[in-house]
Every structure is written in C-alpha cells, then in structure tokens.
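Colleague: The following block contains the structure, expressed as structure tokens.
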Amino acid sequence: MSIPAPADILFWFFAAAAVGGAAYAVTSAHLIRSILAFGAFLTAVAGEYYLLAAEFVALVQIFVYVGGVLVLMLFALMLSTPGESQPSSLGRWSPAVGVTAVGVGAAIMIAAWHTPLPVVKEPAAGRLDHLGQALLGDHVVVFELVGVLLFAAVVTALVAVRGERR
Amino acid sequence: MTGVVFVTSLLLALGAYGALTRRNAVAVVISLEIMMNAANLNLVAFSRLHTPELMTGQVFALLAIAVGACEAAVGLALILAVYRRYGTTDLDRINLLRG
C-alpha cells in the first residue's frame, strides 16, 4: 500500500463530508443550518453511491432527496417555526443517549472489523439496462407496490395538512 | 470495503443520537433520514460486494429511497398539522397523552 488510488481518496473525502454534514446537522441549534448540512450530507452520500458503481442510485438520491425532501423540509420549517430560538437542542438524557449511540456504532464497527469480507468484484458492463431489467422484471411487484405506497402517502399528506373542515 | 461499514455505522450512531436528543420535530425527521441513508449506503455497498450482476441491492436502495420520501412527506405534513393545533413543534411541549 504505497500511494492511495484516486477512487480511495474520493471515497474518504465523501465519507468525511457525509460524517461531518451529519454531525453538524444533528448537533446544530439552528434548524436552517441543520437542514443545509443535511443537504451536504445527502450530496456526499450520492458521491459514495457513484463510487460504488451505482450511478443511477446517485442520480435518484440527488433528485429525490436534495431536490425534493430537502425543499420540503425547508418549507415545513418556514411554515411551522415562528422564529423560535432554540437555546439548547439537547435534552436531559443526552449523555446516556450519547453513550448508547457510540456503543451501538462501536459494536457494529468491531463486528465489521472481525468479519472477513470477500474481495470487491468488477461490476458488469452495461449496468443501467441490468438495473432496469431487474427493476421491471424480477422486482416488478414491489415496484408497483411502492407506487401504491407513494399514492397513499400523497393522499395522507394532503388530508393531514388540509386544515379544519368547514 | 470495511471502510464503508465504518462510515455507515458512524452515520447510524449520529442519526440515533440526533433522533433521541433533538426536541424540534423537523430535526428528528432529519436524523431519521440520516439513519435511512446509512442503511441504503450499506445495501448498495454489499450489492457491489456480493452479486453486482443481479443489482438486487441497488433495486432495494431505490425502493427504500421512495419509501424514505413517503416517510418524509407524511412526517412533515404531520408536523404542520401538529403545529396548527399546538402552535409549536417542540416535542417536549406536545404532551397531551402524557399521564
């Protein structure tokens, strides 16, 4: 292991951006900054997808999360929080919760360290048509069910925000 | 490859910490989405590792992204409904069901 490959450098760059964005999003007392850091996190995860040979998933991540969910969160924040300052975003139990979260993360890391993982194979050529065939071939029932779920979610959201019936 | 698992477990721990400590409901939704993204990243990584030609992990990740979008939409709609009724999104002050 002499000079790291460019893909490795990019991988760790995106990993650092994702972890940093997530940490800032979770700890910042200002919700706007929290949401913007969440956007940085989402973009970094999209970069990781791209490096893991999942280009289409990276594209969908950008479209759905950065373009949809993030804007939805900004709208929800604008419509709900009336300039209310957040002196402390941490509850009384935050030390215990922190210990628990660190413990869970450390347990997974130790387990991963001790598990022998197979070597990464080279991805097959023509990945996107494989993905399309898998999505509309073997997994078409789940695909359609997710469509039904999306419809139900849209109706639920509309009913929830419709307001009082006259 | 172990690096991916390291990063995702770190992200999962961060998301769990945020979901349990944040008081604003929007911040809790953000933390949940962070955890969901960590799980998705693991799916894609292990798909690359085991059967890259079957694409099962990527298909699952795409469907999970759709489900995550549903979750965010419904969650934020509920937050707006709660805000209209109580005038706050502070989870410590929404305590009608507390005995």
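Colleague: Which of the GluC sites (Glu not before Pro) found in segment A:1-86 are loop residues per DSSP with 13 or fewer other Cβ atoms within 10 Å of their Cβ?
Modeller: A:GLU84
Colleague: When Cβ neighbours within 10 Å are restricted to other protein chains, what is their mean count per residue of peptide A:5-13?
Modeller: 1
Colleague: Rounded to the nearest Å, what's the spacing between the alpha carbon centres of segment A:36-53 and segment B:68-82? Just the number, please.
Modeller: One Cα centre to the other: 23 Å.
Colleague: Report, by chain and number, residues whose modeled amide H sits under 5 Å from the one on B:ASN24, excluding near sequence neighbours (fewer than 5 apart, same chain).
Modeller: So B:ASN24 has HN proximity to B:LEU91.
Colleague: Then there's this: Report the GluC sites (Glu not before Pro) located in chain B that are in a DSSP loop and have at most 16 other Cβ atoms inside 10 Å of their Cβ, or state none.
Modeller: B:GLU53
Colleague: Okay, next question. Short version: ³J(HN,Hα) in whole Hz for each residue of segment A:11-22, in order, from phi by Karplus 6.51 cos²θ - 1.76 cosθ + 1.60 (θ = phi - 60°), x for Gly and Pro, what are they?
Modeller: 4, 6, 4, 5, 5, 5, 5, 5, 5, x, x, 5
Colleague: If one computes P(r) from the Cα atoms of chain B, what percent of pairs lie at distances over 16 Å?
Modeller: When all Cα pairs of chain B are counted, 64 percent exceed 16 Å.
Colleague: Hey, another quick one. Counting other beta carbons within 10 Å of each Cβ, put A:ILE108, A:ILE9, B:ILE65 in order, fewest first.
Modeller: In order of increasing Cβ crowding within 10 Å: A:ILE9, A:ILE108, B:ILE65.
Colleague: Need the C-alpha centroid separation for segment B:21-38 versus segment A:1-21, integer Å.
Modeller: When both Cα centres are located, 25 Å separates them.
Colleague: Report, as an integer, the average count of C-beta atoms from other chains found within 10 Å of each Cβ along A:141-148.
Modeller: Across the residues of A:141-148, the mean count of other-chain Cβ atoms within 10 Å is 2.
Colleague: Cα gyration tensor of the protein assembly as shown, axes a ≥ b ≥ c as square roots of the eigenvalues: rounded (a/c below 1.5), prolate (a/b > b/c) or oblate?
Modeller: In terms of gyration-tensor shape, oblate.
Colleague: Rounded to whole Hz and in sequence order, give me ³J(HN,Hα) for segment B:50-62 from the Karplus expression 6.51 cos²θ - 1.76 cosθ + 1.60, θ = phi - 60°, writing x for Gly and Pro.
Modeller: The phi angles translate into 9, 10, x, 7, 8, 6, 4, x, 5, 4, 4, 5, 4 Hz.
Colleague: If you don't mind, another one. Please compute, for peptide A:17-23, the average count of beta-carbon atoms on other protein chains lying within 10 Å of each residue's beta-carbon.
Modeller: 6
Laboratory data are not the source of any read-out in this text; all were calculated from the coordinates shown. Nothing here was measured: the structure is a model prediction, and the numbers come from that model. For neighbour counting, all protein chains shown are included, and Cβ atoms are generated from backbone atoms with ideal geometry for every residue, glycine included.
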